[in-house]
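Q: Dumping the structure here so I can ask a few things about it.
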Number of protein chains: 2
Amino acid sequence: MKTLRMERLLKKNPVQVNRVEIGFCDVAFVAKALADENRLRIILSLTQGKKSVSRIVEELGISQPLASHHLKELKRTLLVTVERSGPFIYYELADHRIAAILTDLDGLATDLLANRTTF
Amino acid sequence: MKTLRMERLLKKNPVQVNRVEIGFCDVAFVAKALADENRLRIILSLTQGKKSVSRIVEELGISQPLASHHLKELKRTLLVTVERSGPFIYYELADHRIAAILTDLDGLATDLLANRTTF
DNA sequence: TATACATATAAACGTATATTTATATAATAT
DNA sequence: ATATTATATAAATATACGTTTATATGTATA
């Protein structure tokens, strides 16, 4: 159940335990990887399947070094796996839940920002 | 269905449309708000319900200006709503899905980083 | 009105990060 | 071997962001 999982999350990351702080850094570490528009576009593109760098570069219209940079970041956070095949290097989403979370985030963002009055 | 929602997301944010890029900025905008450990701790704390700034400051053990700063950021991204009552100002999560996404992110992060070989 | 409390804001600082430009590595083909 | 393609890395720059310190605003109370 959702409530149970949240309680486990609270237990794992107690907001306060005798004034001693317990970190949240794993979640932040992964969340940071999602906090860039180009990386989100790369991830979204990879939901269609494994792709080479050049393919991503073409599809997104970003420079090759920029794509490499962001792919390296996604690899560092373990969100993608890498595989070489000849001269090509293929990147693939490491977990199905990534796409699901992206979808949820989009739904939330859309609704939140739908009837905003100001920026 | 999950697949349908993903297709809608792809349609809304096509990776490439005649070399014309379509942004992903709403999602990134919200994701950025989740990309900080202290903000995540604030959000987690607020899953327990509406709280005043001073209560958050006590529970998290961060300075009051820092809490205000992050709460302002959460407010800017519409993740929290604000309400004044006397001298106190109460912050509350704006949407139930925020907690759900946090839980999902934690599950993902935990599994991804569980059997990493290196940092 | 004066004082205390709750919160916000401003300034200043250091660090992290996104992007560009240029170059290096690695694999393939001629 | 040389050239070409695919990708990575390095350097440089600008900007964004988190944090601290100090101060202001706003509300209640004596």
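The values are calculated or read from the model by the stated rules, or taken from the named source; none is laboratory data. As the structure is a prediction and not an experimental result, all values here were calculated from the model. Heads up, the Cβs are rebuilt from the backbone with ideal geometry, glycines too, and the neighbour counts pull from every protein chain shown. Heads up: the accessible areas ignore ligands, DNA and RNA and are worked out on the full protein's heavy atoms, side chains in. Shrake-Rupley method; radii C 1.70, N 1.55, O 1.52, S 1.80 Å.
Q: Take the solvent-accessible surface of the protein heavy atoms, probe 1.4 Å, and return the percent of it on region A:36-106 that carbon and sulfur atoms account for. Spell out each step's value before the answer.
A: Numbers: 1630 of 3270 Å².
The C+S portion of the solvent-accessible surface of region A:36-106 is 50 percent.
Q: Chains B and A: buried accessible surface, both sides, probe 1.4 Å, rounded to 100 Å²?
A: For chain B against chain A, roughly 5600 Å² becomes buried.
Q: With the Cα gyration tensor of region A:36-106 in hand, convert its eigenvalues to equivalent ellipsoid semi-axes via √(5λ) and list them largest first in whole Å.
A: Numbers: eigenvalues 67, 37, 23 Å².
Output for region A:36-106: semi-axes of 18, 14, 11 Å.
Q: Can you work out ³J(HN,Hα) from phi for every residue in region B:37-48, in order, using Karplus 6.51 cos²θ - 1.76 cosθ + 1.60 and θ = phi - 60°, giving whole Hz and x for Gly and Pro?
A: 4, 5, 5, 4, 5, 5, 4, 4, 4, 6, 5, 7
Q: Counting only the heavy atoms of the protein chains, how much of residue A:76 is accessible to a 1.4 Å probe, in Å² to the nearest 10?
A: About 120 Å², ignoring ligands and nucleic acids.
Q: Still on this structure, please answer the following. For peptide B:39-46, what's the mean number of Cβ atoms from other chains within 10 Å of each residue's Cβ? Could you put the intermediate results ahead of the total?
A: Values: counts 3, 7, 10, 2, 1, 8, 5, 1.
Shielding by partners across B:39-46 averages 5.
Q: Please give the contour-minus-distance gain from residue B:81 to residue B:95: 0.36 nm per residue of separation, less the Cα-Cα distance, rounded to one decimal in nm.
A: Values: separation 14, 0.36 × 14 = 5.04 nm, distance 0.93 nm.
Contour length minus Cα-Cα distance gives 4.1 nm.
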